[in-house]
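Structure first, then comments.
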Amino acid sequence: MTQQPHATQPSAGPTPTPTPVPGHGPTPTETAWAAGGVVFAGVLMLMNGILAIFQGISLLADDDVWARVGDYVYKINLTGWGVILLCLGALAAVTGAFILRGAAWARMTGIFLASLSMLAQFLFLPYAPVWSVIMIGIDFFVIWALAVYRPDMRG
């Protein structure tokens, strides 16, 4: 026969607040890095949006600016790319500005838009491979910085 642990009876008094356990939860240094990362992510998202707007304008203005590097499975008209990047860039720039202002909704929106931007840059690889890889890396950092930041944990 196995022994079962005995359940403790709940006390009638108020429950004490738990004391923080050393080694659990973010340290002040980690919290500072996350807060600084969010500010940097906001700036990156704002600049990423502005650059995507310029990229979209150049795609709409003249099709001769961009040349396809090689054959690719995903083929979208350059005018379509211009509209996609222009809209995505405008939304990213506005969201980046609100991230810098500290809006709580902007963090989740920023994660969503950075994910869309990452997907769009992957699909844009045949036109600007180096630029697209750099932007995918920036989008990855933005997603990470916005996901790990917890404003209620700031000390």
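The values are calculated or read from the model by the stated rules, or taken from the named source; none is laboratory data. All values derive from a computational prediction rather than experimental measurement. Please note that ligands, DNA and RNA were not included when accessible areas were found on the heavy atoms of the full protein model with its side chains. Shrake-Rupley method; radii C 1.70, N 1.55, O 1.52, S 1.80 Å.
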Item checked: the range 78-155, accessible area per residue, ligands and nucleic acids excluded (1.4 Å, Å²) -> 52 Å²
Note to self: Can you tell me the length gained on complete extension of the stretch W144 to N77, counting 0.36 nm per residue apart and subtracting the Cα distance?
What the structure shows: 21.0 nm
Notebook entry, point to check: Quick one: length gained pulling V94 to S115 fully straight, 0.36 nm per residue minus the C-alpha distance?
Noted result: 6.0 nm
Check: Sorting M118, M135, M108 by accessible area (1.4 Å probe), largest first, what list results?
Finding: M108, M118, M135
